[in-house]
Amino acid sequence: MSENNFTQEATAKAADSGANASARFRERQAQASGGVVDHERVELLAGKAIKALTDIVEEEQVSYEEYNALKAWLIQVGEDGEWPLFLDVWIEHAVEEVANQDREGSKGTIEGPYYLDNSPEVEWNGTIDMRPDEPGTPFVFKGQVTSTTGEPLPGAKLELWHADSLGFYSQFAPGLPEWNLRGTFIANEDGEYEIHTIRPAPYQIPTDGACGQLIEAAGWHAWRPAHMHFKVHAPGHKLITSQLYFPGDPHNDDDIASAVKPELLLDPQPNPDEEGEMTTYNFVLDAEG
Ligand code: MBD
Ligand code: FE
């Protein structure tokens, strides 16, 4: 594709991806059957959250200047549409740990702000949607979905999404084909899959919005290690949401989103059959209920 598209992509604005992430989240939340939290839990949790903040004010002797800086920043997070980004980067990892503490199968990790459902189905052995000149090392991802008792799970479904070599996700940056580097893969009768994609690059969260402003003001960094996102489904089994990482990435040990776990590191090797790399990773799903 033309140089133009890469230029357009590279000038993506935080507010664009933020507004889209907020809109997509709102749609999904409206469709979700739940969405309402019990009055008793709201009373407890909102009460604890407010107390945590007022405790900090007292312990740290927070000034009006600091209080007003916080107020201005919170308003800006909303205007930039960065609540999904802020929450998923700094809070979701704790929620994920609580939600999945009793799982016996594969570890999962956070979903993050850029999942989209209904990505195009790719035939067995197929290649994820990408541009004809998509930059990046060709990458083959193979494995099997089984239950915790070792049974293969035929017809398991893997949804994969990841950023391109510039760190952009389709539909959250301009100039990318709609489903670039997003796809749904159906496992075969033995629960096996073989996915062709490219190796993603390390990823920097948008730096020109409110989250970037916080990172700069605090002297933190904006990086996540290179990662591939997955959702793996099989009938009668609990959905697993995960991310997989690459050994040696400098940000595996200081992911801004605290979402790396040792179990989620891949072991890529040169691909003996074609140009690029390959790896094997198996998903073990807990039974429902
Ligand atoms: C991402 O790509 C991501 O995976 C997370 C968790 C947060 C921001 C961007
Ligand atoms: Fe991501």
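The values are calculated or read from the model by the stated rules, or taken from the named source; none is laboratory data. Please read these numbers as outputs of a predicted model, since none were measured by experiment. Virtual Cβ from ideal backbone geometry, glycine too; neighbours counted across all protein chains shown. Heads up: the accessible areas ignore ligands, DNA and RNA and are worked out on the full protein's heavy atoms, side chains in. Shrake-Rupley method; radii C 1.70, N 1.55, O 1.52, S 1.80 Å.
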Any residue in region 102-112 that is part of a loop (DSSP other than H, G, I, E, B), away from ligand 2 (no atom under 16 Å from the Cβ), among the polar types (S, T, N, Q) and open to solvent by 30 Å² or more (accessible area, probe 1.4 Å)? no
Here's a check for you: in region 139-162, which residue that is part of a loop (DSSP other than H, G, I, E, B) and in contact with a His (Cβ under 8 Å, 6 or more places away or on another chain) is farthest from His237 (Cα to Cα)? His162
Scanning for something open to solvent by 20 Å² or more (accessible area, probe 1.4 Å), within 16 Å of ligand 2 (Cβ to nearest atom) and within 25 Å of Asp80 (Cα to Cα), does region 243-253 turn up at least one residue? no
Away from ligand 2 (no atom under 14 Å from the Cβ), touching a residue at least 60 places away in the same chain (Cβ under 8 Å), surrounded by 21 or more Cβ atoms within 10 Å (Cβ to Cβ) and of a type in the set (A, V, I, L, M) - does that describe any residue in region 155-169? yes
Filter pass, Gly191 being within 28 Å of Ser147 (Cα to Cα), surrounded by fewer than 23 Cβ atoms within 10 Å (Cβ to Cβ) and out of contact with any Gly (no Cβ under 6 Å at 6 or more places or on another chain): yes
What is the number of the single condition among (1) surrounded by 22 or more Cβ atoms within 10 Å (Cβ to Cβ); (2) within 28 Å of Gln76 (Cα to Cα); (3) out of contact with any His (no Cβ under 7 Å at 6 or more places or on another chain) that Arg182 does not meet? (2)
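Would region 228-240 turn up any residue that is closer than 27 Å to Glu9 by Cβ, within 16 Å of ligand 2 (Cβ to nearest atom) and free of Cβ contacts under 8 Å to residues at least 40 places away in the same chain?
No, region 228-240 contains no residue that is closer than 27 Å to Glu9 by Cβ, within 16 Å of ligand 2 (Cβ to nearest atom) and free of Cβ contacts under 8 Å to residues at least 40 places away in the same chain.
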Selection within region 170-208 - within 11 Å of ligand 2 (Cβ to nearest atom) and touching a Leu at 6+ places or on another chain (Cβ under 7 Å): Ile205
Mind checking which residues of region 42-54 are open to solvent by 100 Å² or more (accessible area, probe 1.4 Å) and either of a type in the set (S, T, N, Q) or within 18 Å of Ile91 (Cα to Cα) (or both)? Lys48, Ile50, Lys51, Leu53
Got a sec? Which of Val145, Val122 is touching a residue at least 40 places away in the same chain (Cβ under 8 Å) and either surrounded by fewer than 15 Cβ atoms within 10 Å (Cβ to Cβ) or within 21 Å of Val284 (Cβ to Cβ) (or both)? Val145
Near pairs, Cβ below 7 angstrom, 6+ apart or cross-chain, from region 82-96 (touching a residue at least 40 places away in the same chain (Cβ under 8 Å) and within 10 Å of ligand 1 (Cβ to nearest atom)) to any residue that is small (Gly, Ala, Ser) and open to solvent by 40 Å² or more (accessible area, probe 1.4 Å): His93/Ser258
Filter region 209-225 for residues that are open to solvent by 60 Å² or more (accessible area, probe 1.4 Å) and within 14 Å of ligand 2 (Cβ to nearest atom) and give the result. Trp223
